[in-house]
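The next block holds one structure in the form of C-alpha cells; read it before the comments.
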C-alpha cells in the first residue's frame, strides 16, 4: 500500500500491478501512475490529458 499525496489515504496496490499502471485514490479520486521502487511500487501524479475539442 502507498499513501495518497493529496489526502494521505491508503491506496491498495494489487499483486499483479505493473509499472505505468494508473491507480486512483479511493477517498479523493486523485490519479497516480505506478513507478518501480526499491520496496515494490511508489506513485507519481498521473498526467491528465484534457479534452481535445478539435481546436
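The values are calculated or read from the model by the stated rules, or taken from the named source; none is laboratory data. Just so it is clear, the structure is predicted and the values come from calculations on it, not from any experiment. Here the Cβ is made from the backbone with ideal geometry for all residues, glycine too, and neighbour counts use every protein chain on show.
General observations
- Taking the criterion of being more than 11 Å from the chain's Cα centre (by Cα) and either outside any loop (DSSP other than H, G, I, E, B) or at pLDDT below 95 (or both), the residues of segment 7-16 that qualify are 10, 14, 15, 16.
- Matching residues in segment 22-36 - criterion: being over 8 Å from the mean Cα position of the chain (by Cα) and surrounded by 11 or more Cβ atoms within 10 Å (Cβ to Cβ): 26, 27, 28, 35, 36
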